[in-house]
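Input: a single structure, listed below in C-alpha cells.
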Amino acid sequence: MKGSTILRYLQVTSHTRPFLQKCYEKMNHPKADHHAYQNAERFIHGLMLGEDFWHSAHATPLSVKPLLYYYGLNHMIKSCLLTVDPGYPATSKVLAHGLSTRKRKKQHYRFLEDDIRIQPHGLFPYASYHLFQFETPREKVSMDELLRPLPHMESLYQMKGFEKKEEEWPAMMAYFAVLYNLSMLVRYEGEWWGEMQQMRDRDDYVFIIQFLDSATGEIPNLISSWLESQFSSLS
C-alpha cells in the first residue's frame, strides 16, 4: 500500500478502527479497543480536513496559499499523533502551535534570515518527539536552516552558490515550521507579503515559491509514508 492509497484506505471506519487497535495493542495499552473506537472518527476527520485544505490550496492565489497548507498539515499531523498517543490531546497545552515569531519584523526583513522560537509545549515539539523521537536541539532555528536540507530546495541553493549544512530536521516538521512562519506573514505582515509578490525583486520570492511548489506534492507523500511505516510495522 503506497502513496495516497493508504490515505484512501484509512478514511473508512471499518479499516481505521482495527488499524488503531493494533497500534494501541502494540504499545500494550489496556484499553486498546475502547480508544480505537473513540478515536477512529477523529482520525478520519483529520485526514479528510487536511486533504480538503490541500485541494483548496491548489486553486487558491499565492496570497493565502500558505494558510491553507499550514492548517492542512496541522490536521494531518494530529491524525498521525492518534496512532502513537491514544489519549491525545491530554491537555490544552499540546493544542498550541508550539512555535512563535517576532511580533514586529525588522525594517530590512529577509525571510531566509528570519527565525522562529520553539516553545516548550505545543504541537511542534510534541509531534517532533512522538512521531520522530526528535528533540529540538535549541530554542530557535532560522528559515535557512530548515530549508537547506529539504531535497526539493537543494537545486535552488546550488544555483545560488550556497553550501549545504549538515543538521537535518525531520522533513515533515521542517515543512510545518516554515509554513507556520509563512502563515504568520500572510496574517500579520500583509504589506511585506504583498510587496514581495508584486515586486519579485528579492531572493525571498524565489525561495518561497520553490518551497510552496514542493509542498504541494511532498507533504502528502510525507504523511502517506509515515502512516505506511506505521501500517507495515503492525504486520
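Every read-out reported here was derived from the displayed coordinates using simple, explicitly stated rules and does not represent laboratory data. All figures in this text were calculated on a predicted structure; none of them were measured in a lab. Quick reminder, even Gly has a Cβ in these numbers, built from the backbone with ideal geometry, and neighbours come from all protein chains shown.
What number comes out for the charge environment of Tyr126, summing +1 per Lys or Arg and -1 per Asp or Glu over other residues with Cβ under 12 Å away?
0
What is the gain in length, in nm to one decimal, between Glu41 and Val64 on full extension, counting 0.36 nm per residue of separation less the C-alpha to C-alpha distance?
5.4 nm
Rank Arg110, Arg148, Arg17 by mean-square fluctuation in a GNM of the chain with C-alpha springs under 10 angstrom and give only the top-ranked residue.
Looking only at Arg110, Arg148, Arg17, the biggest GNM fluctuation is shown by Arg110.
Can you compute the modelled spin-label distance between Val206 and Gln133, with each label point 7 Å from Cα toward Cβ, in nm?
Modelled inter-label distance: 4.0 nm.
Work out Dmax and Rg for the range 1-132 from the C-alpha atoms and quote the Rg first, both in angstrom.
17.3, 56
List, in order, the whole-Hz ³J(HN,Hα) value for each residue of the range 182-189 obtained from phi through the Karplus relation with A = 6.51, B = -1.76, C = 1.60 and θ = phi - 60°; use x for Gly and Pro.
5, 5, 5, 5, 4, 6, 10, 10
Label point 7 Å out from Asp213 along Cα-to-Cβ: which residues of the range 46-67 have amide N under 17 Å?
Residues 58-63, 65-66 fall inside that zone.
For the chain, with a Gaussian network of springs between Cα atoms less than 10 Å apart, report the residue from Asn181, Asn221, Asn28 with the top mean-square fluctuation.
In the Gaussian network model the winner is Asn28.
For the range 14-30, just list the computed ³J(HN,Hα) in residue order, Karplus coefficients 6.51, -1.76 and 1.60, θ = phi - 60°, integers in Hz, with x standing in for Gly and Pro.
Those phi angles translate into 5, 8, 5, 4, x, 4, 5, 4, 5, 4, 6, 5, 4, 8, 6, 6, x Hz.
At a Förster distance of 30 Å, what's the computed FRET efficiency of Glu167 paired with Glu25, Cβ-Cβ distance as r, to 0.05?
0.25
Between [x] -0.39, -0.80; [y] -0.33, -0.73; [z] -0.43, -0.91, which matches log10 I(q)/I(0) by the Debye sum over Cα atoms at q = 0.09, 0.13 Å⁻¹ calculated for the structure shown?
[x]
Out of residues 5 or more away from Lys140 or on other chains, whose amide H comes under 5 Å of its own, with H placed 1.01 Å from N in the peptide plane?
The list, which skips near neighbours in sequence, is Ile118.
If we count other beta carbons within 10 Å of each Cβ, what is the order of Thr91, Thr60, fewest first?
Thr91, Thr60
Any idea what the alpha-carbon Rg over 2.2 N^0.38 Å comes to for the range 56-121?
Ratio of Cα Rg to 2.2 N^0.38 Å: 1.43.
Using 0.36 nm per residue, how much length does the chain from His152 to Tyr9 gain when fully extended, once their Cα-Cα distance is taken away?
48.7 nm
Identify the GluC sites (Glu not before Pro) of the range 124-171 meeting these criteria: DSSP loop state and at most 12 other C-beta atoms within 10 Å of the C-beta.
The qualifying sites are Glu135, Glu139, Glu163, Glu166, Glu167.
Roughly how many nanometres apart are two label points built 7 Å out from the Cα toward the Cβ at Met159 and Asp33?
So the label points at Met159 and Asp33 sit 5.8 nm apart.
For a 23 Å ceiling on Cα separation, which of these pairs sit above it: Lys31/Lys78; Lys26/Lys93; Lys22/Lys78?
Flagged as over cut-off: Lys26/Lys93.
With charges only on Cβ, +1 for K and R and -1 for D and E, what is the dipole size of the range 73-154 about its Cα centre, in debye, rounded to 20?
Value, rounded to 20: 480 debye.
Work out how much length Asn221 to Ser233 would gain on full extension: take 0.36 nm times their residue separation and subtract the Cα-Cα distance, in nm to one decimal.
Stretched fully, the Asn221-Ser233 segment lengthens by 2.5 nm.
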